[in-house]
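The values are calculated or read from the model by the stated rules, or taken from the named source; none is laboratory data. This structure is a prediction, so every number in the text was calculated from the model and none was measured. All Cβ positions, glycine included, derive from the backbone under ideal geometry; neighbour counts span all protein chains shown. When the accessible area is computed, the model is the full protein with side chains, heavy atoms only, and any ligands, DNA or RNA have been set aside. Shrake-Rupley method; radii C 1.70, N 1.55, O 1.52, S 1.80 Å.
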Amino acid sequence: MLQPVLIDILGPRTATGEWPAKATVGEATPVLAQIIKDGHDELGAAVTWTGPSGRRSRTRLELTELSRYAGELTATEVGCHRVVVQAWTDRFGSWRRDVVKRAVAGQDLTVELEVGAIHLDHLSDRAANAVVASLLQGAARGLRDASSSVDTRLAAGLSPDVVAASEDVVPDWDLSDAEVELWVDRERAGASAWYELFPRSYGGFRGVIDQLPRLEALGFDVLYLPPIHPIGVAHRKGPGNTLDPEPTDPGSPWAIGGVEGGHDAIHPDLGTEADLVALLEAAGRHGLEVSLDFALQCSPDHPWVRDHPEWFSSLPDGSIRYAENPPKKYQDIYPINFWPEDKADRKALWKACREALLHWVDLGVRNFRVDNPHTKPFAFWEWLISSVHAEHPDLIFLAEAFTDPPRMQRLADVGFTQSYSYFTWRHSRDELTEYLTELSTPPLVDTMRANLWPNTPDILEGVLRDGPLSAFALRFVLAATLSPNYGIYSGFELGENLPASPDNTEYFNSEKYQIVERDFAEQPNLDGLIAAVNASRRRHKALRTMRTIRFHGSANDQLLVYSKTDGTPGGDVVLLVVNLDPWSPQAGHLDLDLAAVGLPEGPVTAHDELTGTTYTWDDRFPWVRLDPAYQAAHLLHLRPA
């Protein structure tokens, strides 16, 4: 439809605008629109957002630069929101601008005062609030009061109260609109600390319950469990991914399915559904939620292989192709063919996957880490997530996608709540600065929600492979403060880093193929650092957003310097200085852009929340020194001195 005012909503939106961008409840979400119209009239703009309940909110957008209007919205409901940007010719604003110029020039204002009164008549008729309408009507009468001086009459129309009241009204002067959808998640989708462990290494669900007080003390929010289903016997893997297991070897949890059942069953060694529910309830009492792994693949013993061979890809010899990621081979896993030639087969398969997911939802699970989603069709995920969210909008889906950026972006677009990222492979100052700038800039910041993991059971990368415990400390601080969402795999806090081989990035004696027992009281460990950083994340709103990250300078390229703010004038400011060298002390002068984070150029205090030390910095070039043997990073709360 042709509209007199042209509106292009720049944010929040996905790259193509085909799918909703994302926000969380209570998050101040920036709104940016390019708004243009022929002529020289002033323009007015506002954004309204309507949640699933029908509750409607509105706020003005302000001109911030040429043709760009900005503001923010804060949603209070979980679910899909309709976001509408309205724009109009601001005749009253144009009149105010021009009548002042005419008055300064000494021109006759008789007709102009009536023009202003007519504009106020229109606004008062459109006002939804009786107090606003009355104020505007009074101003119109003042403009028409021939018994008063011109200056007095003009002042009635230019009163700040009248101007403010007029901005509460949307007139119909060339009124135009554009809209996008916004998906709003609960708060934990926007900021969460994940901890991964294999329940079989703790004797099953009941043993995991015993770990909850420790995880609560460390400050984690989500406990992620790899697949909990029965494990196949055919081609079962032994320790180190070998093909000759002993009868007692447990196999890989990702080889899902056996005589006990498939994706809706629990491995008998872990417990029963009642035990899982007990774990969910106990986790809740400790402030944690449990995430299950949703891995859509099957062992050769999975009931689907027997009952639905049409759901798998057959080779010319009639066998089913097992999973491969050359040179890695997973003979114990059959990938699923999500596009069988027969549409009825496809429909039945997709429905079975959805029913398996809902089985765990019905038991109370609200978080799912999805294994390798980029190897399944985008159309499947778009259908599955949207259909499940229609009934359970509070569900969180974390995409374990280590793939090229367009694929990760598309998974976020079609509905995934969070996503793994390339952080695991970004180590230098330049790499981290470039990548985190990308992740914190629209459209990625409005869609992907990067969840940073320094390690996984599959990945032992970079300085972690051969580095000391300080390497784990610096990577932890980076992950936990660069993004509001991060996770670590159990054993990270102990500095476990024995690789499978000199050229292999997996763990030796990987827990994927065997039970691993740990002594978490072993010294040294990172428990104190983890607890301190997680406490700061909860204390500082600035650490629960990625939108405000700003990188600062340092002459030493081994020091990564970045700040975060809570986005409000004079609000929370946190500064991180991380030594990227885990072996040697690094020092140098910083170059802080204090004005950009709302601080004066004069003295500031910097309170280190990891040590309790407070520094006073006289200017923007403080000198710091970090010895990784004692402290890998500063986590500083900055305030005017």
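Open to solvent by 50 Å² or more (accessible area, probe 1.4 Å) and modelled with pLDDT of 95 or more: does that describe R126? No.
Restricting segment 146-176 to residues that are under 13 Å from G116 (Cα atoms) and among the polar types (S, T, N, Q), the residue that is nearest to the chain's Cα centre (by Cα) is S166.
A search for C-beta distances below 6 Å between a residue of segment 14-38 that is closer than 14 Å to L444 by Cα and any residue that is among the acidic types (D, E) and open to solvent by less than 50 Å² (accessible area, probe 1.4 Å), counting only pairs 6+ apart in sequence or on different chains, returns T14/D413; W19/D413; A21/D446.
Within segment 1-10, identify whether any single residue is closer than 26 Å to P569 by Cα and part of a strand (DSSP E or B), and answer yes or no. Scanning segment 1-10 turns up at least one residue that is closer than 26 Å to P569 by Cα and part of a strand (DSSP E or B). Among the residues of segment 267-276, none qualifies, meaning not one is at pLDDT 95 or above, touching a helix residue (DSSP H, G or I) at 6+ places or on another chain (Cβ under 7 Å) and more than 30 Å from F220 (Cα to Cα).
Confirm whether W194 is touching a Gly at 6+ places or on another chain (Cβ under 9 Å), touching a residue at least 24 places away in the same chain (Cβ under 8 Å) and either within 25 Å of K541 (Cα to Cα) or open to solvent by 10 Å² or more (accessible area, probe 1.4 Å) (or both). Criteria met by W194. Per the conditions (1) buried (at least 20 other Cβ atoms within 10 Å of the Cβ); (2) out of contact with any helix residue (DSSP H, G or I) (no Cβ under 9 Å at 6 or more places or on another chain); (3) of a type in the set (K, R), the sole criterion not satisfied by R55 is (1). Restricting attention to segment 109-123, the residues that are more than 11 Å from G157 (Cβ to Cβ) and open to solvent by less than 30 Å² (accessible area, probe 1.4 Å) total 1. Tallying residues that are part of a strand (DSSP E or B) and either under 24 Å from the mean Cα position of the chain (by Cα) or touching a residue at least 24 places away in the same chain (Cβ under 8 Å) (or both) within segment 60-74 yields 9.
Scanning segment 477-507 for residues that are modelled with pLDDT of 90 or more and more than 17 Å from R518 (Cβ to Cβ) gives V477, L478, A479, A480, T481, L482, S483, P484, N485, Y486, G487.
Taking the residues in segment 197-235 that are part of a helix (DSSP H, G or I), among the hydrophobic types (A, V, I, L, M, F, W, C) and surrounded by fewer than 23 Cβ atoms within 10 Å (Cβ to Cβ) as candidates, determine which candidate is farthest from the chain's Cα centre (by Cα). Per the criteria, the residue is I209. Pairs are defined by a Cβ separation below 9 Å, a sequence spacing of at least 6 or placement on different chains, a first member in segment 588-617 that is on the phi > 0 side of the Ramachandran plot and modelled with pLDDT under 95, and a second member that is open to solvent by 50 Å² or more (accessible area, probe 1.4 Å) and charged (D, E, K, R); no pair meets this definition.
Is there any pair linking a residue in segment 475-492 that is at positive phi to one that is outside any helix (DSSP H, G or I) and open to solvent by 10 Å² or more (accessible area, probe 1.4 Å), with Cβ under 7 Å and at least six apart or on different chains, and which? Here the result reads G491/R518, each pair linking segment 475-492 to a residue that is outside any helix (DSSP H, G or I) and open to solvent by 10 Å² or more (accessible area, probe 1.4 Å).
Inspect all residues belonging to segment 590-612 and state whether any of them is open to solvent by 10 Å² or more (accessible area, probe 1.4 Å), part of a strand (DSSP E or B) and β-branched (V, I, T). Yes, some residue in segment 590-612 is open to solvent by 10 Å² or more (accessible area, probe 1.4 Å), part of a strand (DSSP E or B) and β-branched (V, I, T).
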